[in-house]
Structures are given as C-alpha cells and as structure tokens.
C-alpha cells in the first residue's frame, strides 16, 4: 500500500537505497525490483525520469553505461539529532509493531521448496511454492488459494 501513499520516487529510493549505496544500480535492476510490487504503470522511462528528480535533489549521481543509466549514492540519508530522537521515541514504535506482525503473519518462506519430480503436477506445484519466497499478503493469498486448488485436483483425480 505504501506505493499508493508515498511518492514513487521516494519509494524507488527506499526500496533500492542499500543496493545503490553498496554497489550502485543500473536502471533495469531498479525496474525489476519495482516490478515485484506488481505496479502496472512502471516503465524504464518512468524510472529514469523519477531518478532524474532524485539526482536534482542531490541524492544520487547518474552515469551512462551502455544502453542503461547507472546510479550511485551521492549523499547518504541522515536524520538530524532532533529527528533521530523523534523517530526513536515516536515513529519507530508505530512502525516496528505492525512491521513485525506483517512479517510473521504472512511469512511462508519455509514452504519455498522444490517438489520432487515424482509428485503429481510437480511443475504446477513448484510454480505455486516459488511465490512463497516473498513475504506479504499478496504472495501468501496466491500460494494458499492455489494450494487449495492443487489438493482439490489431486483429491478429484484419486476419486
């Protein structure tokens, strides 16, 4: 839901900040990372336009690398002492609890396994279970709905 309430350029930075900070990132890598949010209107051109705005704010530098643009962190994001204190006392507790709840409630990563080829419809089952690698309501909902369909089909075949 944050991509509906936070301006997209800041969402891009938030989701890619550490990778840009450590090694820099090319625009196509940023695009692939953002596609994981299942945004319909995200394109390479849009990523580059928004990153130009971020560059104008002095947070990143942009270099041309072949067909792509490469972004490196220019200025690390730091809170002021007053901002840090406010965050720790006021905002962090408001963010921490629901975040931990979300992560634990929708954490189905343990079922991200590869099913043996002897299992019925193993390709379909592997496709379903691969989505459990990502936490969150969407992947969790997808996995369980499709596991129900899988087991209903197996049950029907055995009857």
Checklist entry - Residue check, residue 118 against (1) surrounded by 12 or more Cβ atoms within 10 Å (Cβ to Cβ); (2) in the same structural domain as residue 145 (by TED's automatic domain parsing); (3) at pLDDT 90 or above; (4) under 30 Å from residue 146 (Cα atoms), all met but one. Which one? => result (1)
Next on the checklist: Of the conditions (1) in a helix (DSSP H, G or I); (2) crowded, with 16+ Cβ neighbours inside 10 Å, residue 49 satisfies every one except a single condition; which number is it?
Outcome noted: (2)
Checklist entry - If you go through segment 125-136 one residue at a time, do you hit one that is within 18 Å of residue 15 (Cα to Cα) and in contact (Cβ under 8 Å) with a residue 60 or more places away in the chain? => result yes
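Restricted to segment 30-39, and to residues that are in contact (Cβ under 8 Å) with a residue 12 or more places away in the chain and part of a helix (DSSP H, G or I), which residue is surrounded by the most Cβ atoms within 10 Å (Cβ to Cβ)?
Of everything passing the filter in segment 30-39, 30 is surrounded by the most Cβ atoms within 10 Å (Cβ to Cβ).
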Checklist entry - Looking at (1) exposed (fewer than 15 other Cβ atoms within 10 Å of the Cβ); (2) assigned to a loop (DSSP other than H, G, I, E, B), can you tell me which one residue 42 breaks? => result (1)
Checklist entry - (1) in contact (Cβ under 8 Å) with a residue 24 or more places away in the chain; (2) within 30 Å of residue 27 (Cα to Cα); (3) loosely packed, with under 14 Cβ neighbours inside 10 Å: which one isn't true of residue 157, the others all being true? => result (2)
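Among the residues of segment 65-74, are any part of a helix (DSSP H, G or I) and either in contact with a helix residue (DSSP H, G or I) (Cβ under 7 Å, 6 or more places away or on another chain) or outside the structural domain of residue 48 (by TED's automatic domain parsing) (or both)?
no
The values are calculated or read from the model by the stated rules, or taken from the named source; none is laboratory data. What you see is a predicted model; the values in this text were computed from it and never measured. Here the Cβ is made from the backbone with ideal geometry for all residues, glycine too, and neighbour counts use every protein chain on show.
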